[in-house]
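One structure below.
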Amino acid sequence: MRVVLIGTGNVATVLGRKISGAGHEVVQVYGRDTAHAKALAEHLQAAYTTNIEQLDSDAGIYIIAVADTAIPTVAAALKVKDKLVVHTAGSVSKEVLKASSSRYGIFYPLQSLRKEMQHLPDIPLLVDANNTDDLSLLQDFAGSVVAQVQIASDEQRLKLHVAAVVVSNFTNHLYALAEQYCKKEQADFRLLHPLIREVADRLQYISPQEAQTGPAIRNDTTTIQKHLELLESHGNIKDLYAWFTKSIQMQVRAASDEL
């Protein structure tokens, strides 16, 4: 497949590497910044342009991998008639691409991506299209790039995006708060790295609810009170600790009521 990448950020870079590594040809990279477009194009052995009106007209697929808020603007400027155009956002409808082409769809990587990654992680790809032929084409193309491919409508993709924010962005924020707490209390946050990895890894074979441990699920009020007292000078963490404790206990009670 001949591919044009529109964007030079994290998603464009990682997908470009994945696509190129799968044997497809990234023929051109478009970016507003000359240095960034040139750098990614050289990395992928492709041409580059900063003029969206000078895109290669003979590609098989045009992948818009830019910030969610920029997609409507790019779509309005991109005119490729009957060529297949997709975007990579989780919360933006495919219908925004009507302005670009009569053929449009989705190529959404359900993963946290950073261009600095040395090792490319597993990337589930969610695909969709406005016609069945292009949906099949996207499934085949995505399947040649990654191991996990699913069809997802705009509504399904948005729901998964919400879940992704919870398990990725919110948990990372908790890591950041824990690291700040450790620094203030002169504890070594790095000692928690094996625990973080283990908790994540075990979800491959048991559900999060089954994996739940800690003083809240044991109703260990003595330990909970000690923790809350220790967090007295860490207001936001104390509030979160109390909220999560209550939430875990409510979930346990709800599960018991269902039995």
message: Of the residues Ala46, Ala65, only one is within 20 Å of the chain's Cα centre (by Cα), surrounded by 19 or more Cβ atoms within 10 Å (Cβ to Cβ) and modelled with pLDDT of 95 or more; which?
response: Ala65
message: of a type outside the set (A, V, I, L, M), surrounded by fewer than 18 Cβ atoms within 10 Å (Cβ to Cβ) and farther than 17 Å from Ser102 by Cα: is that true of Asp82 in this structure?
response: no
field: Test: Glu42 is assigned to a helix (DSSP H, G or I) and either over 26 Å from Gly23 (Cβ atoms) or touching a helix residue (DSSP H, G or I) at 6+ places or on another chain (Cβ under 9 Å) (or both)
entry: no
field: Residue that is farthest from Tyr62 (Cα to Cα), among those in region 15-27 that are without any contact (Cβ under 8 Å) to a residue 60 or more places away in the chain and buried (at least 24 other Cβ atoms within 10 Å of the Cβ)
entry: Gly16
- prompt: Here is a list of conditions, (1) free of Cβ contacts under 8 Å to residues at least 40 places away in the same chain; (2) more than 24 Å from Ala254 (Cα to Cα); (3) surrounded by 14 or more Cβ atoms within 10 Å (Cβ to Cβ), and Ile217 meets all of them except one; can you say which number that is?
  reply: (2)
message: For region 69-76, check the following and say yes or no: at least one residue is under 22 Å from Asp122 (Cα atoms) and modelled with pLDDT of 95 or more.
response: no
Region 220-238, residues that are part of a helix (DSSP H, G or I), surrounded by 12 or more Cβ atoms within 10 Å (Cβ to Cβ) and under 33 Å from the mean Cα position of the chain (by Cα): Ile237, Lys238
task: Report, by residue number, each residue of region 73-108 that is charged (D, E, K, R) and within 20 Å of the chain's Cα centre (by Cα).
output: Lys94
task: Filter region 139-155 down to the residues that are touching a residue at least 60 places away in the same chain (Cβ under 8 Å) and under 18 Å from the mean Cα position of the chain (by Cα), then identify the one that is surrounded by the fewest Cβ atoms within 10 Å (Cβ to Cβ).
output: Asp154
Condition check for Ala35: out of contact with any helix residue (DSSP H, G or I) (no Cβ under 9 Å at 6 or more places or on another chain) and not polar (S, T, N, Q): yes
- prompt: Is it the case that region 105-116 has a residue that's in a helix (DSSP H, G or I) and among the aliphatic types (A, V, I, L, M)?
  reply: no
- prompt: Here are some residues: Ser102, Ser112, Ser57. Which one is among the hydroxyl-bearing types (Ser, Thr, Tyr), farther than 22 Å from Ala37 by Cα and surrounded by fewer than 17 Cβ atoms within 10 Å (Cβ to Cβ)?
  reply: Ser102
- line: Given the conditions (1) in the same structural domain as Gly60 (by TED's automatic domain parsing); (2) touching a residue at least 24 places away in the same chain (Cβ under 8 Å); (3) loosely packed, with under 15 Cβ neighbours inside 10 Å; (4) farther than 21 Å from Leu203 by Cβ, every one holds for Asp128 apart from (3)
- request: Please state which one of Val92, Val3, Val14, Val29 is out of contact with any Lys or Arg (no Cβ under 7 Å at 6 or more places or on another chain), outside any loop (DSSP other than H, G, I, E, B) and within 29 Å of Lys159 (Cβ to Cβ).
  value: Val3
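The values are calculated or read from the model by the stated rules, or taken from the named source; none is laboratory data. Computed from a predicted model, the values in this text were never measured in an experiment. Positions of Cβ are generated from backbone atoms using ideal geometry, with glycine treated the same way; all protein chains shown enter the neighbour counts.
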